[in-house]
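First up is the structure itself, then whatever we jot down about it.
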């Protein structure tokens, strides 16, 4: 009897999951893109021009602790490649000269500036279980 009840529970769970998957018309994705402040305006404008709604968050971090912008964009599964393409076009890597002075150094001499690569984007694509617009 217990085995039969467990079978019914598992069967009803599988049926419910199958029903939920059928009800979903399209899969949703959440794109989180961390871009430099220099590129954030052009990325945001390009995404908006192509019909994507973007939320921008001011963030800092990385090797140089420079200002970044984290962009949040929800889209359909079939639109992810377009979003990634727009972000890639608008946020190019480039080199920048920065001072190489170490804050813990006790020497009184001035160090030579170094050239580092900045820009580009770090992008995360996440699955969305539920999307509600209120």
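The values are calculated or read from the model by the stated rules, or taken from the named source; none is laboratory data. If you're wondering where the values come from, they're calculated on a predicted model, not measured in any experiment. Heads up, the Cβs are rebuilt from the backbone with ideal geometry, glycines too, and the neighbour counts pull from every protein chain shown.
Couple of notes before you dig in:
- The single condition from (1) loosely packed, with under 14 Cβ neighbours inside 10 Å; (2) at pLDDT 95 or above; (3) in a strand (DSSP E or B) that residue 73 fails is (1).
- From 88, 67, residue being modelled with pLDDT under 95, assigned to a helix (DSSP H, G or I) and within 30 Å of residue 115 (Cα to Cα): 88
- Considering residues of the stretch 117-127 that are within 13 Å of the chain's Cα centre (by Cα) and assigned to a strand (DSSP E or B) only, the residue farthest from residue 42 (Cα to Cα): 127
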